[in-house]
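For reference, the structure is listed below as structure tokens.
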Amino acid sequence: MIFIIFMKEACIFMRLKKSITVGLVIMLILALSGTICLASEGGAGEKIRIMCYGDSNTWGFTQRPNVKRYPSDVRWTGVLQNNLGNDYQIIEEGLSSRTAGIDDYKNGLNEYIQYDMNFNGRPTLLPLLKSHIPLDVVVIMLGTNDFKVKFRQTPEMVAESMDKLVKLVTNSVDPEQEWYGYSVPKVLIVAPTPLNATKESFAANNGPSHELAKLYEKVAQANGVDFFDAGKVVPVPGMKDGIHLTANQHKILGDALTQKIRSMLNE
């Protein structure tokens with residue numbers, strides 16, 4: 001009799017133990033499934049997202065024979081991506097001829113669409129910010145094309161255009177509504193390398209272009225954002241036109257901006 005009772009209790013214990021084991025396995029599977037789902041949905045913390053907003057020196061223009069654009073790993077944005085690694089995502093938004101604040105309807109386009117192609121960087125910035133939500137950092141390197149002689153811009157006028165771009169990022173967005181709960185990104189103003197242009201369309205403004213960095217720094221201070229002077233690491237554009245950067249200069253700039261952005265994100 002005792003043996004029979006013992007066997008019954010043993011069976012109950014084994015079934016209970018089996019049930020507990022099965023329950024633990026199910027809980028583990030559910031936990032792993034939740035983790036996988038969260039990872040697949042992504043989020044602001046999945047990668048640190050950096051949008052680089054610039055002109056042809058961000059796009060990667062080159063005058064090498066049969067090549068118009070540097071490969072992705074040569075452009076300073078690609079150098080930045082390689083240096084920072086897989087925890088970061090660099091979003092390239094470079095456009096040749098883009099200005100910081102001057103309307104420029106590029107010539108050479110079909111007459112039916114030429115007035116739909118404005119190279120002014122101001123109207124397109126906010127739509128791009130919304131398109132690439134979430135963003136952690138926005139790097140803005142513009143101003144070179146504003147020094148085309150035909151625009152009659154002083155360094156102070158170009159700096160005012162940069163100020164408006166920065167305010168679009170920092171002040172024109174409601175974090176609770178427009179950014180879907182994400183934080184407004186940090187901003188890094190990059191003063192472009194001063195001109196040493198040989199083209200008549202730029203040459204008269206070679207001198208004034210050297211004044212831009214100090215004015216951009218003041219804009220950064222006034223808006224509480226970060227500043228970097230590309231002219232400190234790349235004093236003069238290395239291409240023959242005196243406007244565009246060489247492959248080596250892209251590397252130098254990308255390395256320098258890597259350190260600057262790391263410093264920004266660790267503040």
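General observations
- Test: residue in region 194-208 that is of a type in the set (Lys, Arg) and under 19 Å from Ile50 (Cα atoms): no
- Number of the condition not met by Lys106 [criteria: (1) at pLDDT 75 or above; (2) within 20 Å of Leu142 (Cα to Cα); (3) not small (Gly, Ala, Ser)]: (1)
- Within region 142-153, residues that are outside the structural domain of Ala197 (by TED's automatic domain parsing) and more than 10 Å from Ser97 (Cα to Cα) reach no partner that is hydrophobic (A, V, I, L, M, F, W, C) and in a helix (DSSP H, G or I) with beta carbons closer than 7 Å at six or more positions or on different chains.
- Search result, residues across region 179-204 that are among the hydrophobic types (A, V, I, L, M, F, W, C), part of a loop (DSSP other than H, G, I, E, B) and either without any contact (Cβ under 8 Å) to a residue 40 or more places away in the chain or more than 28 Å from Met239 (Cα to Cα) (or both): Trp179, Val184
- Residue check, Arg98 modelled with pLDDT of 95 or more, of a type in the set (D, E, K, R) and touching a His at 6+ places or on another chain (Cβ under 6 Å): no
- When every residue of region 158-167 is checked against the conditions, none turns out to be of a type in the set (S, T, N, Q), at pLDDT 95 or above and closer than 20 Å to Val233 by Cβ.
- Output for region 88-107, where each listed residue is under 19 Å from Ile50 (Cα atoms) and not in a loop (DSSP other than H, G, I, E, B): Tyr88, Gln89, Ile90, Ile91, Glu92, Glu93, Gly94
- Pick from region 129-148, criterion in a helix (DSSP H, G or I) and modelled with pLDDT of 95 or more, ranking: farthest from the chain's Cα centre (by Cα): Phe147
The values are calculated or read from the model by the stated rules, or taken from the named source; none is laboratory data. Because the structure is predicted, anything quoted here is derived from the model rather than measured. Neighbour counts are summed over all protein chains in view; Cβ atoms, including those assigned to glycine, are modelled from backbone coordinates with ideal geometry.
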